[in-house]
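Inspection log for the structure reproduced underneath, given as structure tokens.
The values are calculated or read from the model by the stated rules, or taken from the named source; none is laboratory data. Everything numeric in this text was worked out from a predicted model, so none of it was measured. Here Cβ is always computed from backbone atoms with ideal geometry, including for glycine, and neighbour counts include all displayed protein chains. SASA here: full protein model, heavy atoms, side chains in, ligands and nucleic acids out. Shrake-Rupley method; radii C 1.70, N 1.55, O 1.52, S 1.80 Å.
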Amino acid sequence: IFASRQYQRESFEQAPMYVAVMTYLGFGIVTLFGYLRDFLRAVGLEKCHLAQERDEQKDFVPLYQDFENFYTRNLYMRVRDNWNRPVCSLPGPVFDLMERVSDDYNWTFRFTGRTIHNAINMGSYNYLGFAENNADFLKTVADITHQYGVGVCSTRQEIGNLSIHEELEELVASFLGVESTMTFGMGFATNSMNIPALVGKGCLILSDELNHTSLILGARLSGATIRVFKHNNMHSLEKMLREAVCSGQPRTHRPWKKILIMVEGIYSMEGSVVQLPEIVALKKKYKAYLYLDEAHSIGAVGASGRGVTELFDVNPADVDVMMGTFTKSFGAAGGYIAGKKELVDYLRSHSHSAVYASAMSPPVTEQIIRAMKCILGKDGGREGIRRIRQLAENTRYFRARLKEMGFIIYGNDDSPVVPILLYMPGKVAAFAREMLERKIGVVVVGFPATPISEARARFCLSAAHTRAMLDQVHTHTHTHTHRLHCSLRKAVTERTFFFFFLF
Ligand SMILES: Cc1ncc(COP(=O)(O)O)c(C=O)c1O
């Protein structure tokens, strides 16, 4: 009952018809102009800045002929200034950005030498505010750096195994309520290098369609057969499980050696939360294994930050492989795999990232230990639990106000990732630029990271955001998008409609 109640708190409202029409119209117009400009480039009337085949290669199959390349050249290039902005400070609740301008319509950029100071940071995954540089908080990290230095210069299996690595692993295991844990120096590699150690040829992976690229890479490297089910859709998953169990492997119809369901705790583009209890029930029913990536949910949800198992009151022992990263809620780097002792011992000797990759850097290890001790109250204070509650409060407040203002936002009420739908290509760029003018740094996301008609801005909340900061973001989001609507109406009445889309 609790699970379905949680899921009801998730919303993916469809765009109103006129917005959908305008969005496609906008794309249609810029696409037409794209073809026109490609034609002008082909006949030499417009300079082409992109890499091209040499004259002697002209009769080869073109290197650049897919839609993504057309999209990059003609659509993304117009709005490219809103991505990859160089940040030159800590990714705290406020941050500094290096100002840059383009003299050739975003083909290249030039730094002006000025810095945009103290912009509100709505883009970092600093959920609990542990990305901080307060010297008192970082005292133990500084001490460890003095003691061990920064690099380990060896793998865990050789001479890179330090006592603080073991201390961290015990702490993570007790935090998660599992038998054992192994930590790795990189979150991405935790997925991509461990999945191949767990499954291989003759195994089946059932993967959520919105899984992170590190999971996808791991699945591909494993050599297992991969089937993709619809995002968080239990009917789609069960259908595939049933089919897999009934029919077995293609041609031979032998049973699959293993079936592994791969999901995430919180999906970072949708702000949705996995339907964990239902998935656990399905995996038990069909005797499959479950791999849960908690990169965005560990520390960020659950009454004491223990992630989606705590949020749904699911026994961690029901999740066969628990994975998470330390890059987000812990303000550090690296990842972990947690579960039964046999599983972790097996990975210690078989995982490529245990055998061939350098061990986690000591100061990074200490940063995770200090953050986790703070969350667990083992530092003797209540700051950790205060931050968890603050994040939950900020999340509820921020989402509720945006809904009141009439915005379409995606995801679960408990998710600190808040996608706000902008739809129209012109609006995406205008929103990011105008917000930065008002000293608010936002992440905007469009195709190919989202479906073409679902471009959005994605706010990431932090316990370190103050109410005043959130109010400022609300106010500017509201006034700015309102202004955009007015200019759209004005454009329609003044028949400058076309130019609106071309900004
Ligand atoms: C779901 C998920 N898994 C794994 C990773 C990789 O983690 P890291 O950035 O710590 O290498 C990310 C990164 O964003 C992620 O979102």
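Restricting the search to region 255-274, which residues are more than 15 Å from the ligand (Cβ to nearest atom) and open to solvent by 20 Å² or more (accessible area, probe 1.4 Å)?
Scanning region 255-274 gives P255, W256, K257, K258.
Among the numbered conditions (1) within 19 Å of V87 (Cα to Cα); (2) at pLDDT below 95, tell me where L488 comes up short.
Result: L488 passes all but (1).
Residues checked against (1) under 19 Å from the mean Cα position of the chain (by Cα); (2) basic (K, R):
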residue: N133; (1), (2): no, no
residue: T145; (1), (2): no, no
residue: G149; (1), (2): no, no
residue: T190; (1), (2): yes, no
residue: K201; (1), (2): no, yes
residue: R220; (1), (2): no, yes
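Which of the residues belonging to region 10-37 are among the hydroxyl-bearing types (S, T, Y) and outside any strand (DSSP E or B)?
Narrowing region 10-37 to residues among the hydroxyl-bearing types (S, T, Y): 11, 18, 23-24, 31, 35.
Within region 10-37, Y18, T23, Y24, T31, Y35 meet the criteria.
Output the residues belonging to region 26-77 that are modelled with pLDDT of 90 or more and charged (D, E, K, R).
Listed by number, the list holds a single entry, R37.
Quick check on A244: is it more than 26 Å from S268 (Cβ to Cβ), more than 16 Å from the ligand (Cβ to nearest atom) and part of a helix (DSSP H, G or I)? Give the derivation first.
Working: more than 26 Å from S268 (Cβ to Cβ): yes; more than 16 Å from the ligand (Cβ to nearest atom): yes; part of a helix (DSSP H, G or I): yes.
Criteria met by A244.
Would you check if there is a residue in region 256-268 being β-branched (V, I, T) and over 27 Å from the mean Cα position of the chain (by Cα)? Lay out the reasoning, then the answer.
Narrowing region 256-268 to residues β-branched (V, I, T): 259, 261, 263, 266.
Then keep just the ones that are over 27 Å from the mean Cα position of the chain (by Cα); that gives none.
The answer is no, given that none of the residues of region 256-268 is β-branched (V, I, T) and over 27 Å from the mean Cα position of the chain (by Cα).
Given the structure, is A189 surrounded by fewer than 23 Cβ atoms within 10 Å (Cβ to Cβ) and within 16 Å of the ligand (Cβ to nearest atom)? Steps first, answer last, please.
Numbers: surrounded by fewer than 23 Cβ atoms within 10 Å (Cβ to Cβ): yes; within 16 Å of the ligand (Cβ to nearest atom): yes.
Against the criterion (surrounded by fewer than 23 Cβ atoms within 10 Å (Cβ to Cβ) and within 16 Å of the ligand (Cβ to nearest atom)), A189 qualifies.
For region 333-403, list the helices (runs of 4 or more DSSP H) that sit wholly inside it and hold at least 1 residues that are among the acidic types (D, E), more than 21 Å from P91 (Cβ to Cβ) and assigned by TED's automatic domain parsing to the domain that holds Y289; which are they? Quick ask: steps written out before the conclusion?
Values: elements: 341-350, 352-355, 362-376.
Fully inside region 333-403 and qualifying: 341-350.
Might you let me know whether region 384-399 holds any residue that is farther than 28 Å from G299 by Cβ, among the hydroxyl-bearing types (S, T, Y), open to solvent by 10 Å² or more (accessible area, probe 1.4 Å) and in contact (Cβ under 8 Å) with a residue 40 or more places away in the chain?
Initially, region 384-399 is screened for residues farther than 28 Å from G299 by Cβ, giving none.
Checked region 384-399: no residue is farther than 28 Å from G299 by Cβ, among the hydroxyl-bearing types (S, T, Y), open to solvent by 10 Å² or more (accessible area, probe 1.4 Å) and in contact (Cβ under 8 Å) with a residue 40 or more places away in the chain.
Under the condition of being open to solvent by 10 Å² or more (accessible area, probe 1.4 Å) and not acidic (D, E), which residue from region 429-438 is nearest to W83 (Cα to Cα)?
Residues of region 429-438 open to solvent by 10 Å² or more (accessible area, probe 1.4 Å): 430, 433-434, 436-438.
Of the ones still in play, those that are also not acidic (D, E) are 430, 433, 436, 438.
Details: A430: 13, R433: 10, L436: 12, R438: 17 Å.
Ranking the candidates gives R433 first.
Which members of region 294-318 meet the condition of being in contact with a Gly (Cβ under 7 Å, 6 or more places away or on another chain) and within 16 Å of the ligand (Cβ to nearest atom)?
The answer is E294, A295, H296, S297, I298, G299, V301, G307, V308.
State all residues of region 320-332 that are under 26 Å from R386 (Cβ atoms), near the ligand (Cβ under 10 Å from one of its atoms) and not in a loop (DSSP other than H, G, I, E, B); if no residue qualifies, say none.
Across region 320-332, the qualifying residues are G324, T325.
Do we have F184 as within 16 Å of the ligand (Cβ to nearest atom), open to solvent by 50 Å² or more (accessible area, probe 1.4 Å), touching a residue at least 24 places away in the same chain (Cβ under 8 Å) and aromatic (F, W, Y) here?
So F184 fails the test.
Taking R85 and the conditions (1) under 23 Å from the mean Cα position of the chain (by Cα); (2) of a type in the set (D, E, K, R); (3) surrounded by fewer than 16 Cβ atoms within 10 Å (Cβ to Cβ), which numbered condition does it fall short on, given that it satisfies the others?
(3)
Quick one: which residue in V428, V417 is in contact with a strand residue (DSSP E or B) (Cβ under 7 Å, 6 or more places away or on another chain) and modelled with pLDDT under 95?
Working: V417 fails: modelled with pLDDT under 95.
Step by step, each of V428, V417 is checked, and only V428 is in contact with a strand residue (DSSP E or B) (Cβ under 7 Å, 6 or more places away or on another chain) and modelled with pLDDT under 95.
For every residue, the table says whether it meets (1) at pLDDT below 95; (2) open to solvent by less than 40 Å² (accessible area, probe 1.4 Å); (3) among the small types (G, A, S).
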{"position": "K285", "(1), (2), (3)": "no, no, no"}
{"position": "A288", "(1), (2), (3)": "no, yes, yes"}
{"position": "Y291", "(1), (2), (3)": "no, yes, no"}
{"position": "R306", "(1), (2), (3)": "no, no, no"}
{"position": "T327", "(1), (2), (3)": "no, no, no"}
{"position": "A332", "(1), (2), (3)": "no, yes, yes"}
{"position": "Y336", "(1), (2), (3)": "no, yes, no"}
{"position": "S349", "(1), (2), (3)": "yes, no, yes"}
